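Here is the structure we will look at.
The values are calculated or read from the model by the stated rules, or taken from the named source; none is laboratory data. Predicted model, so just to flag it, every value in this text is computed and none were measured. Cβ sites come from the backbone with ideal geometry, for glycine too, and all protein chains shown count toward neighbours.
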Amino acid sequence: MPALSPFRLQPTFSARTWGRPDLSPWYPKSVLPQADEPIGEAWLTGPDSTVAEGPHAGETLAALAKAESEALLGTAASGKRGEAEFPLLVKLLFPNDKLSVQVHPSDAEAQALGEGRGKTECWYVLEAEPGATVACGLLPGITVDHLKASIADGSMERLLNHLPVTSGDLVFVDAGTVHAIGPGVTILEVQQTSDITYRLFGYGRPRELHLERGLAVSKAETRAGKVAAENIPHGKRLIREQYFTVESFSLQAGETLTLDDAAGKPQCFVALRGDAEVTVDNVTTKLPASSAVVVSAAAGTVTLSAMSTVEVVRATP
């Protein structure tokens with residue numbers, strides 16, 4: 001048995017003004033919290049997400065990362081102010097309205113403010129209504145000075161590069177990219193574990209803006225945009241970047257897949273539109289739809305078993 005067996009986390013739901021009152025088919029209403037606002041996010045590997053069952057049931061991911069840092073994190077152990085921290089934050093996003101225009105700092109910019117990590121992220125589009133778009137970066141020729149001037153007249157949205165998206169698209173959003181997510185999509189987001197967000201424009205909503213810090217880290221040009229998937233055995237590599245690699249595996253009921261290529265790194269598995277199981281050294285953990293199972297860096301070979309037709313996404317740092 002590995003020093004730390006695979007464990008499933010309970011999703012943590014966050015109310016957002018731009019969210020949805022109904023998250024089906026991803027989650028039944030019975031599992032959602034009672035909230036005055038609709039739900040916009042389900043954090044699958046958030047620091048406050050709790051282990052669902054097993055010897056560590058009830059412990060938070062943050063606490064487990066500190067107590068079992070060597071086994072769980074391997075070489076990915078550094079975090080805020082040098083503390084052990086799980087490096088990837090995986091979320092499901094359910095926008096029913098436009099998200100604010102925002103930007104995130106780089107590692108160096110975050111550390112200058114006393115934070116351990118910046119925030120680079122990617123969006124895997126799971127659903128997209130016809131005409132759905134995301135804003136990713138500035139239009140050619142637009143500068144940060146133009147962006148600053150647009151705050152006064154409310155024209156910032158017109159300066160953004162709006163990308164049409166469809167199911168299966170992967171969009172990379174590196175630190176410094178001015179961005180926004182539009183309605184009509186469901187997104188699996190993989191990002192550095194950081195909640196540093198500078199809002200630049202909120203469509204008149206009564207929310208705090210962070211103009212000074214946000215404009216200071218905004219870049220006129222970044223590497224953000226759609227990324228073409230690569231075929232790999234039994235699936236696709238959606239993206240491989242400095243902070244994360246994200247892959248997708250499609251399995252039919254009864255099929256199994258053995259993975260032994262991530263030794264020394266923690267792995268996060270998310271089931272989409274179906275159920276699976278994760279087995280490491282004869283220890284099996286259930287992976288229901290729209291949930292995450294974490295496999296420690298010290299673990300050996302991983303076997304995925306499909307209980308139904310399922311897509312399993314793996315994220316590694």
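Just a few scattered comments:
- Whichever residue in the stretch 282-298 is in contact with a Ser or Thr (Cβ under 8 Å, 6 or more places away or on another chain), closer than 20 Å to A57 by Cβ and not hydroxyl-bearing (S, T, Y) and, among such residues, is surrounded by the fewest Cβ atoms within 10 Å (Cβ to Cβ): V283
- Any hit, the stretch 248-257, residues being part of a loop (DSSP other than H, G, I, E, B), within 20 Å of A135 (Cβ to Cβ) and among the aliphatic types (A, V, I, L, M): no
- For the stretch 281-300, a residue qualifies if it is closer than 17 Å to A71 by Cβ, at pLDDT 95 or above and touching a strand residue (DSSP E or B) at 6+ places or on another chain (Cβ under 7 Å), and the qualifying residues are T285, V293, V294, V295.
- The stretch 206-247, subset farther than 30 Å from K148 by Cβ and of a type in the set (V, I, T), residue surrounded by the most Cβ atoms within 10 Å (Cβ to Cβ): V246
- Unique residue being in contact with a Gly (Cβ under 9 Å, 6 or more places away or on another chain) and either at pLDDT below 95 or farther than 23 Å from A315 by Cβ (or both) when the list is E68, E85: E85
- Candidate set: the stretch 181-202, residues that are over 13 Å from the mean Cα position of the chain (by Cα) and of a type in the set (G, A, S); chosen: the one surrounded by the most Cβ atoms within 10 Å (Cβ to Cβ): G182
- From K66, K91, residue being of a type in the set (D, E, K, R), surrounded by fewer than 18 Cβ atoms within 10 Å (Cβ to Cβ) and out of contact with any helix residue (DSSP H, G or I) (no Cβ under 7 Å at 6 or more places or on another chain): K66
- Only one entry in R273, R314 is surrounded by 19 or more Cβ atoms within 10 Å (Cβ to Cβ) and either in contact with a helix residue (DSSP H, G or I) (Cβ under 6 Å, 6 or more places away or on another chain) or of a type in the set (K, R) (or both), namely R314.
- Test: residue in the stretch 24-46 that is within 20 Å of V278 (Cα to Cα), loosely packed, with under 12 Cβ neighbours inside 10 Å and touching a residue at least 24 places away in the same chain (Cβ under 8 Å): no
- In summary, no strands (runs of 3 or more DSSP E) completely within the stretch 130-227 bear 2 or more residues that are within 20 Å of E241 (Cα to Cα) and without any contact (Cβ under 8 Å) to a residue 12 or more places away in the chain.
- The lone exception for E109 - which of (1) assigned to a helix (DSSP H, G or I); (2) buried (at least 20 other Cβ atoms within 10 Å of the Cβ); (3) of a type in the set (D, E, K, R) it fails: (2)
- Matching strands (runs of 3 or more DSSP E) fully within the stretch 1-104 where at least 2 residues are among the aliphatic types (A, V, I, L, M): 39-43, 88-93, 101-103
- Residues that are surrounded by fewer than 20 Cβ atoms within 10 Å (Cβ to Cβ) and not in a helix (DSSP H, G or I) within the stretch 112-124 comprise L113, G114, E115, G116, listed in sequence order.
So that you can scan it fast, the table gives a plain yes or no per residue for (1) of a type outside the set (V, I, T); (2) under 21 Å from T75 (Cβ atoms):
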{"site": "V278", "(1), (2)": "no, no"}
{"site": "T284", "(1), (2)": "no, no"}
{"site": "L287", "(1), (2)": "yes, no"}
{"site": "S291", "(1), (2)": "yes, no"}
{"site": "S296", "(1), (2)": "yes, yes"}
{"site": "T301", "(1), (2)": "no, yes"}
{"site": "M307", "(1), (2)": "yes, no"}
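- If you go through the stretch 258-283 and keep only what is under 18 Å from G168 (Cα atoms) and assigned to a loop (DSSP other than H, G, I, E, B), you end up with R273, G274.
- Conditions (1) farther than 30 Å from F7 by Cβ; (2) modelled with pLDDT of 95 or more: number failed by R207: (2)
- Looking only at residues in the stretch 301-316 that are within 17 Å of the chain's Cα centre (by Cα) and not small (G, A, S), the one that is nearest to S69 (Cα to Cα) is T316.
- Residues that are in contact with a Ser or Thr (Cβ under 9 Å, 6 or more places away or on another chain) and under 21 Å from P47 (Cα atoms) are absent from the stretch 252-262.
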